[in-house]
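Step one of this worksheet: look at the structure below.
The values are calculated or read from the model by the stated rules, or taken from the named source; none is laboratory data. Only a predicted model underlies this, so the values are computations on that prediction, with no experimental measurement involved. Here the Cβ positions follow ideal geometry from the backbone for every residue, glycine too, while neighbour counts run over all protein chains shown.
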Amino acid sequence: MFQLPGFTFLLIILFSTLAPEAGQAAPADSALEAYNRGDYQKALEIWRPKAAQGDLEAQYHLGLMFADGRGLPRDPELAFNWLHKAAEMGHAPSQYLVGRAYISGQGVEKDPGRAAKWLQRAAKQGHAPAQHILGIMKLGGFGVDKSPQQATTLIRESASQGYAPAAYALGMMYLEGRSVSQDREQATVWLEKAARGGHLQAIYELGKLKGGKDDETRLKAVKSAAEAGYAPAQYDLGAAYLSGGLGLPQNPETGVSWLEKAANQKYPPAEFDLGWAYETGKGTTQNLEAAIRWYQAAANHGYSRAQYQLGLLYQTGKGVKKDETRALQLQQAAAQAGFADAQYALGVMYDLGSGTQQDFAKAMKWYLRAAAQNHPKAMYAIGNLYANGYGVGKDLNTARTWYCKAAHLGLPQALTILGNPSDLNRACPP
């Protein structure tokens, strides 16, 4: 099953929106009470004049109203301006959101360096969300000097305040041994704290951690997170129903329904698998148009398997107008990301001159990259280039070496060209 990416994924989730964090609201007042019951006009009547007079909480909330488009037309630039006014006067929640705006580019040009400065100001005031994000930035060297020690301190301080996303991050750091010694016990402690705060990723990871090979425990965690709307868990549950994993009986229709939930949240692995379901008709009515639409969605999100699969469809004209140039572009994108099947496919395109001029040197380059990932067809293709002297000096001994490598990985055509030896290890010593 698909494994949740590490901190790159966290950065995407954390910095994708300009929105307030739970627990950061101002003390209750008449404006806030009006806002909370949906009477935005009343709240605006109170906050707007106060904001103009320099009231920091009013400026903060007015900024949020422009950011969210509640009671006012959504305007990221005005949202930033009001939040910046409050931030300059030392208002920590506003400093935090100004920092996030500089990361996301909402209402202001992206500037990770300035983001870090504003987050640092909020973090010094003990603002838990700011401590958390600044810690993640220092962990990866995003807009600041990389400092695992400072990152760990900041994330721990945030987590110690009960901030669930930081507790989750710290738990994963202990689980994976990032900037701290690997410690499953400590990982469990912090993931449990995050889970008690309702953190879906923590619930999901904790279930996997505690379940180990226990399908029942893992299934409970996956179902809990999936039903709460966590896309990776929805994907895993869908995959389990499709394959009969996690102790579930195979039920392709239910599997596809869970894949759709995750795909509708723009989760690339689910988009791809849903495309595959529509292409093959597993769990749903076969529909090439829908398959291509979902493959394209996943490809647009940089998912290499989707780029590769879509490239094959364009190369053959299956479900789309044949376009070898487009196929080449898609395989290049997937190959450059390190996807071995795409590296081999790209090698074949250069080898045959499909969608591009024939170029044996480039074919060899991509075959070698795929072969380095134990791709047997790429190994066989390299053998063919040496056997025929295409782009390299003809060398039957080197060709045999590559055929042997492919044969040891079970490639039938490699075994055939070697004469189907009864003792492969003797014919091709490892």
Kindly list the number of the only condition in (1) crowded, with 24+ Cβ neighbours inside 10 Å; (2) of a type outside the set (Phe, Trp, Tyr); (3) not in a helix (DSSP H, G or I) that fails for residue 180.
(1)
Within the group 131, 182, which residue is under 18 Å from residue 102 (Cα atoms) and of a type in the set (S, T, N, Q)?
131
Among the residues of the stretch 197-204, are any over 23 Å from residue 169 (Cβ atoms) and under 21 Å from the mean Cα position of the chain (by Cα)?
no
Output the residue which, of all residues in the stretch 400-423 that are surrounded by 15 or more Cβ atoms within 10 Å (Cβ to Cβ) and over 40 Å from the mean Cα position of the chain (by Cα), is farthest from residue 341 (Cα to Cα).
418
From the set of residues in the stretch 31-86 that are among the basic types (Lys, Arg) and within 38 Å of the chain's Cα centre (by Cα), which is modelled with the highest pLDDT?
85
Take the conditions crowded, with 24+ Cβ neighbours inside 10 Å, touching a residue at least 40 places away in the same chain (Cβ under 8 Å) and either basic (Lys, Arg) or over 30 Å from residue 259 (Cα atoms) (or both) and apply them to residue 154. Does it pass?
no
Sole exception among (1) under 24 Å from residue 157 (Cα atoms); (2) out of contact with any helix residue (DSSP H, G or I) (no Cβ under 7 Å at 6 or more places or on another chain); (3) polar (S, T, N, Q) for residue 36, by number
(1)
Looking at residue 248 and the list (1) touching a Phe, Trp or Tyr at 6+ places or on another chain (Cβ under 9 Å); (2) part of a helix (DSSP H, G or I), which single condition is not satisfied?
(2)
The one condition in (1) assigned to a helix (DSSP H, G or I); (2) within 20 Å of the chain's Cα centre (by Cα) that residue 217 fails to fulfil:
(2)
Limited to the stretch 85-113, what total is found for residues that are out of contact with any Phe, Trp or Tyr (no Cβ under 6 Å at 6 or more places or on another chain) and of a type in the set (Ser, Thr, Tyr)?
2
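Taking the criterion of being farther than 30 Å from residue 358 by Cβ and aliphatic (A, V, I, L, M), would at least one residue in the stretch 318-335 satisfy it?
No, the stretch 318-335 contains no residue that is farther than 30 Å from residue 358 by Cβ and aliphatic (A, V, I, L, M).
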When you look at residue 276, is it assigned to a helix (DSSP H, G or I) and under 16 Å from residue 220 (Cα atoms), yes or no?
no
Any chance you could count how many residues in the stretch 377-430 are charged (D, E, K, R), assigned to a helix (DSSP H, G or I) and under 21 Å from residue 351 (Cβ atoms)?
3
Look at residue 145 and say whether it is at pLDDT below 95 and in the same structural domain as residue 130 (by TED's automatic domain parsing).
yes
Determine which member of the set 88, 109, 33 is more than 28 Å from residue 162 (Cα to Cα), surrounded by fewer than 22 Cβ atoms within 10 Å (Cβ to Cβ) and assigned by TED's automatic domain parsing to the domain that holds residue 156.
109
